[in-house]
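Visitor: Quick one: the structure is below, questions incoming.
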Amino acid sequence: GQNIDQPTEMTATEGAIVQINCTYQTSGFNGLFWYQQHAGEAPTFLSYNVLDGLEEKGRFSSFLSRSKGYSYLLLKELQMKDSASYLCAVMGAAGNKLTFGGGTRVLVKP
Amino acid sequence: EADIYQTPRYLVIGTGKKITLECSQTMGHDKMYWYQQDPGMELHLIHYSYGVNSTEKGDLSSESTVSRIRTEHFPLTLESARPSHTSQYLCASSDSSDVDTEAFFGQGTRLTVV
């Protein structure tokens, strides 16, 4: 089975940096995805990691350590529009099953 | 922009009715998923398919059923709707030829059973 854990909520100030951690225990691993979901909307893709290390994409970076079953999403230069839920998802063995964590609700304050 | 569509966007229906939620994608993706999500809560995988005539149950038990007769179409059916089925249902698809291809989501169907 799959077990994916992330904090429920985080609050940060506009312009600051926030790091959202995700730990996972899965029966197989074919990559980890981060999605952003605004209230009432569908999730949208942010990043993908399958090898250890840091992937940078503009203000967003994602890190993976497969040996530790750990990833984080780093949001820099926070903007008010970044207030959303951030979902960690793992693609399991055979690449067939995409399972999501509970999501981390990030609130950006002025 | 993702080419995956769900209909209807909103549905209010009485208890005991049979309903089918439609999901279609025009990207030729072989993998498709159904997730159930209550407001402010996590996404739960209820069904997935990795190709025509293949369907699997997800992590959350669901009274719904699915079919995959055509690559582009993955409908979800509730034979007898109950108030406990009230939720948002999200369909997604991805391409297995590249493991790093992300899943694209439809806009969801918000179902209310009264």
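Visitor: Run the simple label-point estimate for A:K68 and A:A39 please: 7 Å along Cα→C-beta, distance reported in nm.
Guide: 3.3
Visitor: If you count the DSSP beta bridges with both ends in the protein assembly as shown, what percent of them are antiparallel, to the nearest 5? Don't skip to the end; give the middle numbers.
Guide: Details: 69 of 78 bridges.
So the antiparallel bridges in the protein assembly as shown amount to around 90 percent.
Visitor: Considering the zone a paramagnetic label at B:R82 would reach in this model (a point 7 Å from Cα along the Cα-to-Cβ line), which residues of the stretch B:1-39 have amide N under 12 Å from it?
Guide: Correct set: B:16.
Visitor: In nm², what is the average projected area of the convex hull enclosing the Cα atoms of chain A? Each step should come with its number before you reach the end.
Guide: On the way: hull surface 25.8 nm².
That works out to 6.4 nm², a quarter of the Cα hull's surface.
Visitor: Kindly rank A:8-17, B:42-51, B:75-84 from highest to lowest mean number of other beta carbons found within 10 Å of each residue.
Guide: B:42-51, B:75-84, A:8-17
Visitor: How big is the dipole moment of the stretch B:41-103 about its Cα centre under a simple scheme where the beta carbon of each Lys and Arg is +1, that of each Asp and Glu is -1, and everything else is neutral? Debye, nearest 20, please.
Guide: Numbers: 4 positive and 10 negative charges, 76 e Å.
Roughly 360 debye for the stretch B:41-103.
Visitor: Could you work out the relative contact order of chain B? I mean the mean sequence separation of Cα pairs under 8 Å and 6+ apart, divided by the number of residues, in percent.
Guide: Details: 292 pairs, mean separation 41.2, N = 114.
Computed over chain B, the figure is 36 percent.
Visitor: Picking from B:G28, B:G40, B:G58, which is most flexible by a Gaussian network model of chain B using Cα springs under 10 Å?
Guide: Answer for the Gaussian network model of chain B: B:G40.
Visitor: Taking the Cβ-Cβ separation of B:R70 and B:D38 as r and a Förster radius of 45 Å, what is the calculated FRET efficiency to the nearest 0.05?
Guide: Efficiency, rounded to the nearest 0.05: 0.90.
Visitor: Let me ask something additional. If I model a spin label at B:N53 and A:L51 as a point 7 Å from the Cα along the Cα→Cβ vector, what separation in nanometres do I get?
Guide: Between B:N53 and A:L51, the simple spin-label model gives 3.9 nm.
Quick note: the coordinates plus some simple rules give every number you see, no bench work behind them. Every value quoted in this text rests on a predicted model; they were computed, and no experiment measured them. In this analysis, Cβ positions are derived from the backbone assuming ideal geometry, glycine residues included, and neighbour counts consider all displayed protein chains.
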